[in-house]
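See below for the structure under consideration.
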Amino acid sequence: MEQFKKSLTDLQTDMVGAMKSISKLLLSEGRSSNTLARQMDDYLCEVENLCVKSRMALEKYRPLCEPLKVNAANEIVEQICGSAEVTNEGWVHITLNTLLPNCKHRISGYLGDTIARLISNCGYKLPYFETAFLAIVEYCNFENHNALDNDNKGWKMIPNALKGRVIEDDTQFHLSIGLFTKWSEEARCEIYVMPPEDVSDFTYYLFSDTL
């Protein structure tokens, strides 16, 4: 019980840090757009890291009323964050109910942790690829995007979340990566992991809007 209280105290301290970050945002009137963007990222990182730490810390002390997987995403997390499945083609398909974060200034581990939980709790027998192609497709428009420039999109935590779960490694000899965008009023991100030989089928489905 003492360790549980200590964990809660640590989380409370982190929550105070997040409150300080949003207080800075409230007082940011008149500051440069660069400063404002950095303060937004600071706040988001504080909140997202708090979420990840809360997941990890509280799961240790959750009463075992029914069998639970370690680090499993519950139904509420899935409804908020997205879903994962294995398609008829044998591809891993992850849907995120959000776009990739803007990583120009700072980024948290929230997205990688969420993806790891979704695939661990998807209920499918996951394939395991020695070599693979990772396709990341953002659906958005000029109004609801997070980052127009590809080098500002926070996609790099995705291979890390997949490594050891569905892919052997994320080196350039094991994993090829494609970043795509499709016009949509509804913002979301679709992630596919497949054998390299299936890339031509995937691109056909993608550009013919039959995915």
Considering only residues that are crowded, with 18+ Cβ neighbours inside 10 Å and within 16 Å of P127 (Cβ to Cβ), which ones fall in the range 171-197? L175, I191, Y192, V193, M194
Do the conditions hold for L99, that is, is it open to solvent by less than 90 Å² (accessible area, probe 1.4 Å), closer than 21 Å to K6 by Cβ and either assigned to a loop (DSSP other than H, G, I, E, B) or at pLDDT 75 or above (or both)? no
Residue within the range 67-82 that is open to solvent by less than 50 Å² (accessible area, probe 1.4 Å), modelled with pLDDT of 85 or more and either of a type outside the set (G, A, S) or in a loop (DSSP other than H, G, I, E, B) (or both) present: no
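The values are calculated or read from the model by the stated rules, or taken from the named source; none is laboratory data. This is a predicted model, so every value here is computed, not measured. All Cβ positions, glycine included, derive from the backbone under ideal geometry; neighbour counts span all protein chains shown. Ligands, DNA and RNA are excluded from the accessible area calculation, which covers all protein heavy atoms including side chains. Shrake-Rupley method; radii C 1.70, N 1.55, O 1.52, S 1.80 Å.
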